[in-house]
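What follows is one structure encoded as C-alpha coordinates, with my remarks underneath.
The values are calculated or read from the model by the stated rules, or taken from the named source; none is laboratory data. Note that this is a predicted model, so its numbers are computed, not measured. As a convention, Cβ positions derive from the backbone with ideal geometry for all residues, glycine included, and neighbour counts pool all protein chains shown. For the accessible areas, the whole protein counts, side chains as well, though only heavy atoms, and no ligand, DNA or RNA atoms are used. Shrake-Rupley method; radii C 1.70, N 1.55, O 1.52, S 1.80 Å.
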Amino acid sequence: MLMAFLHGFPEIVYLWRHQMVVVANAGFRAIAPDYRGYGLSDIPPEPENTTFACIVTDLVPILDHLGVNKSSCNATFMLESSGVVSILYLCNFVSCSISVTVGVD
(Lines give C-alpha, C1' and ligand atoms only; values in the text may rest on other atoms or scores of the structure.)
Protein backbone atom coordinates (compact mmCIF):
# COMPACT_ATOMS: atom_id res chain seq x y z
CA MET A 1 0.00 0.00 0.00
CA LEU A 2 1.22 3.45 -0.92
CA MET A 3 0.91 6.52 1.28
CA ALA A 4 1.51 9.82 -0.51
CA PHE A 5 2.16 12.97 1.46
CA LEU A 6 1.20 16.24 -0.24
CA HIS A 7 2.30 19.49 1.33
CA GLY A 8 0.70 22.89 1.04
CA PHE A 9 2.22 26.19 0.02
CA PRO A 10 4.84 27.37 0.73
CA GLU A 11 5.90 24.14 2.45
CA ILE A 12 8.30 21.50 1.07
CA VAL A 13 8.51 17.73 1.54
CA TYR A 14 10.71 18.28 4.59
CA LEU A 15 7.43 18.89 6.43
CA TRP A 16 6.68 15.15 6.27
CA ARG A 17 10.12 13.78 7.26
CA HIS A 18 9.03 12.29 10.62
CA GLN A 19 5.70 10.92 9.42
CA MET A 20 7.29 9.22 6.40
CA VAL A 21 9.72 7.29 8.60
CA VAL A 22 6.90 6.02 10.80
CA VAL A 23 4.77 5.03 7.81
CA ALA A 24 7.69 3.29 6.06
CA ASN A 25 8.60 1.43 9.25
CA ALA A 26 4.98 0.21 9.41
CA GLY A 27 5.46 -1.44 6.01
CA PHE A 28 3.92 1.16 3.73
CA ARG A 29 5.53 2.70 0.70
CA ALA A 30 5.86 6.43 1.45
CA ILE A 31 6.35 9.20 -1.10
CA ALA A 32 6.29 12.97 -0.82
CA PRO A 33 6.83 14.77 -4.12
CA ASP A 34 7.61 18.47 -4.11
CA TYR A 35 5.51 20.74 -6.27
CA ARG A 36 7.20 22.39 -9.24
CA GLY A 37 9.71 24.94 -8.06
CA TYR A 38 9.56 23.93 -4.38
CA GLY A 39 12.27 22.21 -2.39
CA LEU A 40 14.80 20.61 -4.70
CA SER A 41 12.52 20.50 -7.74
CA ASP A 42 13.21 22.50 -10.87
CA ILE A 43 11.52 25.86 -11.25
CA PRO A 44 9.13 25.73 -14.20
CA PRO A 45 9.96 27.99 -17.17
CA GLU A 46 6.86 30.11 -16.46
CA PRO A 47 6.12 29.73 -12.74
CA GLU A 48 3.26 32.22 -12.91
CA ASN A 49 1.41 29.76 -15.17
CA THR A 50 1.70 26.80 -12.79
CA THR A 51 -1.71 25.59 -11.60
CA PHE A 52 -3.13 22.78 -9.51
CA ALA A 53 -3.75 20.94 -12.77
CA CYS A 54 0.05 20.94 -13.25
CA ILE A 55 0.43 19.23 -9.89
CA VAL A 56 -1.90 16.46 -11.06
CA THR A 57 -0.01 16.27 -14.36
CA ASP A 58 3.13 15.63 -12.31
CA LEU A 59 1.51 13.29 -9.76
CA VAL A 60 -0.30 10.89 -12.12
CA PRO A 61 2.89 9.55 -13.80
CA ILE A 62 4.44 9.01 -10.36
CA LEU A 63 1.40 6.99 -9.26
CA ASP A 64 1.47 5.10 -12.58
CA HIS A 65 5.15 4.27 -12.11
CA LEU A 66 4.45 2.97 -8.61
CA GLY A 67 1.62 0.76 -9.84
CA VAL A 68 -1.31 2.60 -8.28
CA ASN A 69 -4.49 1.24 -9.87
CA LYS A 70 -6.53 4.17 -11.19
CA SER A 71 -9.86 2.34 -10.91
CA SER A 72 -9.44 1.65 -7.20
CA CYS A 73 -6.66 4.18 -6.49
CA ASN A 74 -5.03 1.89 -3.94
CA ALA A 75 -3.23 4.70 -2.17
CA THR A 76 -3.77 6.81 0.92
CA PHE A 77 -3.01 10.51 0.85
CA MET A 78 -1.92 12.63 3.81
CA LEU A 79 -2.58 16.27 3.05
CA GLU A 80 -1.67 19.63 4.52
CA SER A 81 -3.46 22.89 3.58
CA SER A 82 -3.47 23.35 -0.21
CA GLY A 83 -2.60 19.68 -0.71
CA VAL A 84 -6.37 19.22 -0.34
CA VAL A 85 -6.98 21.13 -3.57
CA SER A 86 -4.44 18.92 -5.35
CA ILE A 87 -6.41 15.83 -4.39
CA LEU A 88 -9.67 17.36 -5.59
CA TYR A 89 -8.04 17.90 -8.98
CA LEU A 90 -6.61 14.37 -8.92
CA CYS A 91 -10.03 12.83 -8.23
CA ASN A 92 -11.52 14.81 -11.09
CA PHE A 93 -8.68 13.87 -13.43
CA VAL A 94 -8.59 10.11 -12.80
CA SER A 95 -12.16 9.70 -11.44
CA CYS A 96 -11.39 7.28 -8.64
CA SER A 97 -12.21 7.04 -4.97
CA ILE A 98 -9.33 7.52 -2.56
CA SER A 99 -8.59 7.50 1.14
CA VAL A 100 -7.59 10.91 2.45
CA THR A 101 -6.38 12.20 5.80
CA VAL A 102 -6.16 15.98 6.12
CA GLY A 103 -3.82 17.72 8.53
CA VAL A 104 -4.64 21.35 9.15
CA ASP A 105 -2.30 23.71 10.93
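Long-range amide H contacts for Ala30: which residues qualify at under 5 Å (H placed 1.01 Å from N, peptide plane, sequence gap of 5 or more or a different chain)?
Distant-sequence amide H within range of Ala30: Met3.
Would you please name the trypsin sites (Lys or Arg not before Pro) within region 29-91 that are DSSP coil residues with at most 14 other C-beta atoms within 10 Å of their C-beta?
Loop-located and lightly packed - Lys70.
Which whole-Hz ³J(HN,Hα) couplings does region 34-48 yield from phi under the Karplus relation 6.51 cos²θ - 1.76 cosθ + 1.60, θ = phi - 60°, glycine and proline marked x?
Here the 3J(HN,Hα) series is 7, 6, 3, x, 10, x, 9, 7, 6, 6, x, x, 10, x, 5 Hz.
Got a sec? Which residues in region 1-27 would a label at Tyr38 touch, if it sits 7 Å along Cα→Cβ and we count backbone N under 18 Å?
Of the residues in region 1-27, 3-21 have backbone N under 18 Å from the label point off Tyr38.
Ignoring ligands, DNA and RNA, how do Glu48, Glu11, Glu80 rank by accessible area with a 1.4 Å probe, largest first?
In descending accessible area the options line up as Glu48, Glu11, Glu80.
Extending each Cα 7 Å along its Cβ direction at Asn69 and His18, get the distance between those two points in nm, one decimal.
Each label point is offset 7 Å from its Cα along the Cβ direction, giving 3.5 nm.
With a ≥ b ≥ c taken as the square roots of the eigenvalues of the C-alpha gyration tensor of region 1-96, please select rounded if a/c is under 1.5 and otherwise prolate if a/b is larger than b/c or oblate if it is not?
oblate
Heavy-atom accessible area of Ile62 with all protein chains present, probe 1.4 Å, nearest 10 Å²?
Ignoring ligands and nucleic acids, Ile62 comes out at about 60 Å².
Please list the non-local residues whose amide H lies under 5 Å from the amide H of Ser81, H modeled 1.01 Å from N, same-chain partners needing a gap of 5 or more.
Residues meeting the criterion, in which the H sits 1.01 Å from N, are Gly103, Asp105.
Could you check how much of the accessible area of region 8-70 is carbon and sulfur, as a whole percent, using a 1.4 Å probe?
C and S atoms contribute 60 percent here.
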